[in-house]
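Structure first, then comments.
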Amino acid sequence: MTKTLFKLMTVAVLSTALFSCEKGENTDPTNDLQSNEGRVYILNEGVWGGNDAELSRYSTADNSIANDYFASKNGRGLGDVANDIEIYGGKMYVVVNCSNTVEVIDSKTGNSIQQIPLSGKQPREVEFCEGYAYVSCYDKTVVKIDTATLSIVAQCQTEGGKCEDLYVYNGYLYVAHAWDQDASGTTYYDSTMSVINLSTFAVEEKITIGLNPKQVKPIGQGRIMVVCNGNYADVSSYISVLDMGTKEVQKINIPTSNIAVYNDVYALVYNYDWATGRQVFTKLDLTTFSHTAWSYSTPQPIVSPYGIGIDPNNEDVYITDAQNYQTNGDVYRFDKNGNYIASQECGIGPSKIVFL
């Protein structure tokens, strides 16, 4: 979905002694990705109602790009508004919000393995742990999918605003609740996260995290960083850091539209001011939370920065430009210091980036 619409509406490896599950981590030791080395997938969400979501496949070796990649492999598109993409166990999972599906794709070939229907649920984000995918949905449920059989095995009903991003840690699933509308159609904003016990697959507690929480990123040491969008009026966006052990919340007053995390060391924080059109990038230390300005150089201005990702192997930074959100956008590649490397045209609404 576009930013405006946002405003309205494997077996996992145990990576710490406290059994956290890394979001989207490709943890299948039998999965040989040599043929995909240096490949980057860009999820183009498309126009709401346009049924034109797609994948672009970028090669770091020669800075080439293959657009309409999914359609070229499968003879059809992904559907209407692709919202999330993650890789787990050699499979790529694409959550298609308005089409109410999760598309499961072979990450080597781009071929569709299976399309999982989630009729009427409007799925949003996906997270993985110990052989299961957990999909948050706008009907306020979280759906549990067996990644071996690709079948739905359970669902959990939550209360509060619509479910957005989510993360598994130490046997619990943390789900952000963003916004909803009351009986009169008036939009209101939630401030909570549901904590779901994975053993019972039921909500065990609610945590107040910050106004209108959406994006969730793990930052190591049992902590998650949550982008809280505010109310788009008198409460600006900011970041909340939750210690999932103590349940303590720390507020970081940096206006934030999107974040990318590099190996639990630092985050690049991007903010777009809709009133002024000003773009600001900030580098945030994840130990001290001190921050400095981060800048980039390009042959031409980036009009509407949208997606941001950091290659975990070499720290290259990828920023997508959604332009007007109705026509094809672009992807820009920089080194860690913001020096321009290359750019390519991609699809409509390029929003998410995953690295192989």
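None of the figures in this text is laboratory data; all of them are computed from the coordinates on show. This one's a predicted model, so the numbers in the text were calculated from it and none came from an experiment. Neighbour counts are summed over all protein chains in view; Cβ atoms, including those assigned to glycine, are modelled from backbone coordinates with ideal geometry.
Counting only Cα atoms, region 199-356 measures 49, 37, 34 Å along its principal axes, largest extent leading. Our summary of shape: the Cα atoms of region 85-139 have principal axis extents of 32, 23, 13 Å, ordered from largest down, in whole angstrom. Normalised by 2.2 N^0.38 Å, with N the number of residues, the alpha-carbon radius of gyration of region 3-256 equals 1.00. Net charge dipole, region 92-139: roughly 120 debye, given to the nearest 20, about the Cα centre with Cβ charges of +1 for Lys and Arg and -1 for Asp and Glu. No disulfide-compatible partner, judged by a Cβ distance under 4.7 Å, exists for the following cysteines of the chain: 98, 137, 156, 163, 228, 346. Cross-link pairs exceeding 27 Å between alpha carbons, from the set 91/247; 91/352; 144/283: 91/247; 144/283.
Percent of C-alpha pairs per 5 Å bin in region 188-228, short distances first: 6, 21, 22, 24, 21, 5, 0.
Check cross-link reach from residue 336 to the aspartates and glutamates: straight Cα distance under 20 Å, and skip same-chain residues fewer than eight apart. Leaving aside aspartates and glutamates fewer than 8 places away in the same chain, those within reach of residue 336 are 37, 62, 264, 285, 311, 315, 316, 321. Listed by chain and number, the aspartates and glutamates whose C-alpha is less than 14 Å from the C-alpha of residue 162, apart from same-chain residues fewer than 8 away, are 125, 139, 180, 182, 190. What's the magnitude of the charge dipole for region 3-256 around its Cα centre, counting Lys and Arg as +1 and Asp and Glu as -1 at the beta-carbon? Answer in Debye, nearest 20. Rounded to the nearest 20 debye, it is 180 debye. Translational D (Stokes-Einstein, µm²/s) of region 212-280 at 10 °C and 1.306 mPa s when Rh comes from the Kirkwood sum over C-alpha pairs? Here the translational diffusion coefficient equals 127 µm²/s. Both radii were evaluated on the Cα set of region 143-271; the Rg over Rh quotient, with Rh as the Kirkwood radius, amounts to 0.99. Using only the Cα atoms of region 41-144, each taken as one equal point scatterer with no solvent, compute I(q) by the Debye sum, divide by I(0), and report log10 of the ratio at q = 0.16, 0.21, 0.24 Å⁻¹. Calculated log10 I(q)/I(0) at the listed q: -0.65, -1.08, -1.34. Sorting 294, 179 from the fewest to the most surrounding beta carbons within 10 angstrom yields 294, 179.
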